[in-house]
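Here's the structure we're looking at; comments come further down.
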Amino acid sequence: MGTGEVTRYLGKYGSSGVRKAVLFGAIPPFLLKTDDNPEGVDKAVFDGIKQTVLADRYKWFDDFFANFYNVDELAPDRIGDAALRASFQVAAGSSWYASYACVDTWLTDFRSDLPKIDIPVLVVHGAKDRILPYEATAKRLDELIADVQVVPVENGPHNIGWTFPEECNSTLLNFIR
């Protein structure tokens with residue numbers, strides 16, 4: 001959700017005092033499938049998530065983090081049990097309402113904000129992101145931000161910063177130099 005905050009801020013307030021921006025695991029441009037956004041994800045997926053959160057949010061956290069880190073492909077080499085448990089504990093400390101209500105924030109439309117961004121933007125995104133599918137999100141930003149560099153991390157899940165730190169750090173350092 002942080003990439004949405006950065007995008008909305010730059011779209012609403014401009015870039016005065018900001019030299020560059022970085023989006024890791026980008027939610028823009030617009031995640032929801034609509035008539036004018038056929039690349040998006042069906043609303044039924046989000047409705048199902050909300051129902052699962054209401055039924056058993058701890059079970060939902062287990063499933064969410066399994067996909068957040070692609071544990072079936074990357075554990076234990078790139079994500080260990082302790083790190084997975086730590087993520088779960090942070091999420092479990094949130095309120096039930098926040099766990100439910102955050103799903104609707106994922107459906108924010110950032111398409112009008114993106115063309116207003118007038119600084120260089122680095123987008124680093126897992127090519128196998130199951131939370132924010134690359135095809136529906138980051139891949140589309142080339143057409144919507146004037147000065148953008150999109151870097152897909154091959155085999156990367158949503159949390160590429162944890163699972164592929166070498167690739168992420170070198171890309172980030174090259175961008176800020």
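The values are calculated or read from the model by the stated rules, or taken from the named source; none is laboratory data. Please read all numbers here as calculations on a predicted model, not as lab measurements. Backbone-built Cβ (ideal geometry, glycine too); neighbour counts: all protein chains shown.
Structural remarks
- Considering (1) surrounded by 14 or more Cβ atoms within 10 Å (Cβ to Cβ); (2) at pLDDT below 95, the lone condition that residue 2 does not fulfil carries the number (1).
- Only one entry of 88, 68 meets the criterion of being of a type in the set (A, V, I, L, M, F, W, C) and either touching a Gly at 6+ places or on another chain (Cβ under 9 Å) or farther than 22 Å from residue 7 by Cα (or both), and that entry is 88.
- From the options 111, 57, residue that is touching a residue at least 40 places away in the same chain (Cβ under 8 Å) and touching a Ser or Thr at 6+ places or on another chain (Cβ under 9 Å): 57
- Among the residues of the stretch 138-176, those that are over 21 Å from residue 115 (Cα atoms), within 14 Å of the chain's Cα centre (by Cα) and in a helix (DSSP H, G or I) comprise 160, 161, 162.
- In the stretch 140-175, the residues that are closer than 23 Å to residue 14 by Cα and either among the charged types (D, E, K, R) or out of contact with any strand residue (DSSP E or B) (no Cβ under 8 Å at 6 or more places or on another chain) (or both): 140, 142, 143, 144, 146, 147
- Some residue of the stretch 37-45 being part of a helix (DSSP H, G or I) and among the polar types (S, T, N, Q): no
- Test: residue in the stretch 94-102 that is at pLDDT 95 or above, in contact with a helix residue (DSSP H, G or I) (Cβ under 7 Å, 6 or more places away or on another chain) and over 23 Å from residue 32 (Cβ atoms): no
- Residue check for residue 50: at pLDDT 95 or above and surrounded by 15 or more Cβ atoms within 10 Å (Cβ to Cβ): yes
- Qualifying residue in the stretch 101-122 (condition: part of a loop (DSSP other than H, G, I, E, B), farther than 22 Å from residue 9 by Cα and not charged (D, E, K, R)): no
- Pair list, Cβ < 7 Å and 6+ apart or interchain, from the stretch 24-48 residues that are of a type in the set (Asp, Glu) to residues that are at pLDDT 95 or above and assigned to a loop (DSSP other than H, G, I, E, B): 42/33
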